[in-house]
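Here is the structure we will look at, set down as structure tokens.
The values are calculated or read from the model by the stated rules, or taken from the named source; none is laboratory data. Keep in mind that this is a model prediction, so the values were computed, not measured. As a convention, Cβ positions derive from the backbone with ideal geometry for all residues, glycine included, and neighbour counts pool all protein chains shown. Remember, those area values only see protein heavy atoms, side chains included, never the ligands or the DNA or RNA. Shrake-Rupley method; radii C 1.70, N 1.55, O 1.52, S 1.80 Å.
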Amino acid sequence: MLGSMSDASLTAERLLELYDSQLGSRHLDLAARWLQSKGRGFYTIGSAGHEGNAAVAAALRPDDPALLHYRSGAFFLERARQVPGRRPLHDVLLGVVAAASEPIAGGRHKVFGSRPMNVLPQTSTIASHLPRAVGVAFAIERAARLGVDSPWPRDAIAVCSFGDASANHSTATGAINAAVNCGYQELPMPLLFVCEDNGIGISVRTPAGWVRAAYGSRPGLEYFAADGCDLVDAYDTSVRAVEWVREHRRPAFLHLRTVRLMGHAGSDVEAAYRTPAEIAASEAADPLTVTARLLAERGIDASGLYEAKQAEVMAIAEEVAYAPRLSSAREVMAPLAPSRPTAVAGEAIKTGIAGDKPLTLAQSINKCLGELLERHRELLVFGEDVGRKGGVYGVTRGLQKAAGGAKVFDTILDEQAILGLALGTGVAGMLPVPEIQYLAYLHNAADQLRGEASTLSFFSNGQYRNPMVVRIAGYAYQKGFGGHFHNDNAVAALRDIPGLVVASPSRPDDAAGMLRTCVAAAKVDGRVCVFLEPIALYHARDLHSEGDEGWLAPYPGDPVPLGRGRTYGAGGDLTIVTFGNGVPMSLRAARRLEEAGIGARVLDLRWLAPLPVEDLLREARATGRVLIADETRRSGGVSETVLAALTDHGFEGAAARVTSEDSVIPLGDAAYHVLLSQDGIHDAALKLVRR
Ligand SMILES: Cc1ncc(C[n+]2csc(CCOP(=O)(O)OP(=O)(O)O)c2C)c(N)n1
Ligand SMILES: [Mg+2]
């Protein structure tokens, strides 16, 4: 046992305090089950057997940001002890009964979280918080270096905890790899990974010794191991691990061996998959009994403490059982998509002086990023190949040189890590603008947007936010560079994420104006924005004929308001509703229709979320005929939402759609068999007008 380190060992007073946290945690578990039995509680995953994590909290400082495993009751109570004015027993039980007055999630979920305690709430997707934890650890030093106000001091360290089964998840292994890689590059990465190893994940045993075998001797990851049932060992080892990370600014792995008591959750019948002997062995190692024994060995009288804590917790459980819950959809959804359009417009206007030199889409975005980097000290641009190379398509060319490697940098090839970096730097007060190299490669990391980024304000009732603008090069029609992965036109996975802003610029001037609005919405309202850049239009110059330079535009002075479309022409026979590559195709189709005496106007939606419904209805009603020209797929694509918006708002005219097929995009010219085409738009328009 390592408890012999005299300066680290617990005093009698501290031992009693930690025991108090352990007891509180155990009784919270029991009270949660009691509340459920009374029909008042909704959450019974407990911390029983893991109460040794109180020692980890005791070894840390309350300004060390923590992202916690769901068995962190004792950690939470112990940290609350270090922060004045907390009522953690109340708060946890308010969470269990989904009370609207619960201070972090406001009744939206039972999470361990608290802004004053620097505990960031987690979703129940195991390990999904680890990429963010890497980002938080990265941000601690980067914010200080750039002079950005961050919630955490420069000598803080980040901690994240997770279970033994979760340690196998690719999200966990990816995050640990990202942290080790940073350390290897000698970038500060003060992150303590805490694996609470109870030997099982629901019913599946972790092979004996596996966690140590996997993480015990990894170069660049300092390994510490302790008996999590023995408070003194857990504390002394935690102190060593925390001190090591704080001093070296490198990642470490604390392997805390625990037991799991009372099953996975209240509903779990352990006897179905564990022998009575196994269950008995866990109970014999109960950390509460072990601490009581430690106290007795030191001659400290702890009798009656268990019962006293039980009475305290049960009284609170009775008190909160009927606390009011969220009472309307409006109340539930309030933190999802904060929107202060005037403030956003005010912020967006501050960048950008109109230019007169015609630019391509790529040049316009590049210029805009340069200005935004100059204006915002906290803005970061990162991703694969964005730094030295300046992007696969040159969109970030020259930015690293101008803004410096601390603000514009290449990352490892891991989209999950890229988004994790955005999540962590975002909560730390920075303004991340990560790039995902191709739309197809967002999908392997989409949970970081869906499960993490877009839920943080929901599960923290707006107290935490992770502003970001994720630039994604996407859509099809690339000439000479074919195949599905570089021509992905699937946006369904983005369209239904609550609160997510999806920008889809087509023209160079709109792109800059929209990017400025996205960055302003991220800064002002903490919004999560996806900025879909049509690769095939990056370097387009012409619209109708070679050399007409119809797709160049001067740099704009004004930003584009969120959720507002752009109308081309005033034709009275039909309205073509489109976006992205569909815009120039529709404009060319409209010209042909005009030659045949048919007047078409073209509405570029510009924003796929929030959809510009007002503009859509106005332009639809102006002609009474709508053709949706949609380069995404027929199923799950944008046309579905446009049709639904027309129906929902009582549009009584004719509506039709022409889309890409429900197909994966093949290599070479075969792609054009399945993609929306200019001729297809033209023919569908004729058909609609002649209906
Ligand atoms: C990504 C994901 N897959 C599946 C689940 C369902 N699930 C919840 S907890 C759990 C087991 C986790 O075991 P471990 O990491 O050892 O933590 P423990 O519960 O033992 O503390 C599973 C499979 C989940 N929450 N997230
Ligand atoms: Mg486990």
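Of the set (1) without any contact (Cβ under 8 Å) to a residue 40 or more places away in the chain; (2) surrounded by 15 or more Cβ atoms within 10 Å (Cβ to Cβ), all apply to Trp607 but (1). Among the residues of segment 335-345, at least one is surrounded by fewer than 16 Cβ atoms within 10 Å (Cβ to Cβ) and free of Cβ contacts under 8 Å to residues at least 24 places away in the same chain.
Could you tell me whether Leu675 is within 26 Å of Lys479 (Cα to Cα) and open to solvent by less than 50 Å² (accessible area, probe 1.4 Å)? In short, yes. Out of everything in segment 250-263 that is assigned to a loop (DSSP other than H, G, I, E, B) and open to solvent by less than 30 Å² (accessible area, probe 1.4 Å), what residue ends up being farthest from ligand 2 (Cβ to nearest atom)? My answer is Pro251.
Across segment 238-256, the number of residues qualifying as within 14 Å of Glu196 (Cβ to Cβ) and charged (D, E, K, R) comes to 0.
Counting only strands (runs of 3 or more DSSP E) that sit completely within segment 522-618, those holding 3 or more residues that are within 19 Å of Val689 (Cβ to Cβ) correspond to 574-578, 600-604. Listed by first and then second residue, the pairs linking a residue in segment 138-163 that is touching a residue at least 12 places away in the same chain (Cβ under 8 Å) to a residue that is within 16 Å of ligand 2 (Cβ to nearest atom) and open to solvent by 40 Å² or more (accessible area, probe 1.4 Å), with Cβ atoms under 9 Å apart and 6 or more places separating them unless they lie on different chains, are Phe162/Ile126; Phe162/His169; Gly163/Tyr70; Gly163/Ile126. Can you confirm whether segment 316-330 contains a residue that is open to solvent by less than 80 Å² (accessible area, probe 1.4 Å), part of a helix (DSSP H, G or I), more than 30 Å from Glu452 (Cβ to Cβ) and of a type outside the set (Asp, Glu)? Among the residues of segment 316-330, at least one is open to solvent by less than 80 Å² (accessible area, probe 1.4 Å), part of a helix (DSSP H, G or I), more than 30 Å from Glu452 (Cβ to Cβ) and of a type outside the set (Asp, Glu), which makes the answer yes.
In segment 141-170, the residue that is farthest from ligand 2 (Cβ to nearest atom) out of those that are within 18 Å of the chain's Cα centre (by Cα) and open to solvent by less than 10 Å² (accessible area, probe 1.4 Å) is Ala158. Here Asn177, Asn181, Asn198 are screened, and the one residue that is within 13 Å of ligand 1 (Cβ to nearest atom) and open to solvent by 10 Å² or more (accessible area, probe 1.4 Å) is Asn198.
Residue-by-condition table, conditions (1) surrounded by fewer than 24 Cβ atoms within 10 Å (Cβ to Cβ); (2) modelled with pLDDT of 95 or more:
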{"position": "Val470", "(1), (2)": "no, yes"}
{"position": "Gly480", "(1), (2)": "yes, no"}
{"position": "Pro498", "(1), (2)": "yes, yes"}
{"position": "Val501", "(1), (2)": "no, yes"}
{"position": "Asp510", "(1), (2)": "yes, yes"}
{"position": "Leu515", "(1), (2)": "no, yes"}
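A count restricted to segment 184-195 and to residues that are more than 21 Å from the chain's Cα centre (by Cα), open to solvent by less than 10 Å² (accessible area, probe 1.4 Å) and more than 15 Å from ligand 2 (Cβ to nearest atom) stands at 0. Considering segment 73-116, and only residues there that are in contact with an Asp or Glu (Cβ under 6 Å, 6 or more places away or on another chain) and in a helix (DSSP H, G or I), the residue that is surrounded by the most Cβ atoms within 10 Å (Cβ to Cβ) turns out to be Ala74.
Among the residues of segment 9-23, those identified as in a helix (DSSP H, G or I) and open to solvent by 10 Å² or more (accessible area, probe 1.4 Å) are Ala12, Glu13, Arg14, Leu16, Glu17, Tyr19, Asp20. You will find that of Val524, Val560, the residue that is within 22 Å of the chain's Cα centre (by Cα) and either open to solvent by 10 Å² or more (accessible area, probe 1.4 Å) or at negative phi (or both) is Val524 and no other. For the residues Ser238, Ser203, the requirement of being modelled with pLDDT of 95 or more, surrounded by fewer than 16 Cβ atoms within 10 Å (Cβ to Cβ), under 18 Å from Gly49 (Cα atoms) and not hydrophobic (A, V, I, L, M, F, W, C) singles out Ser203.
Conditions (1) at negative phi; (2) part of a strand (DSSP E or B); (3) of a type in the set (Lys, Arg), marked per residue:
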residue	(1), (2), (3)
Ile472	yes, yes, no
Lys479	yes, no, yes
Gly482	yes, no, no
Asn487	yes, no, no
Ser506	yes, no, no
Asp509	yes, no, no
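Among residues that are on the phi < 0 side of the Ramachandran plot, open to solvent by 10 Å² or more (accessible area, probe 1.4 Å) and away from ligand 2 (no atom under 16 Å from the Cβ), Arg61 is included.
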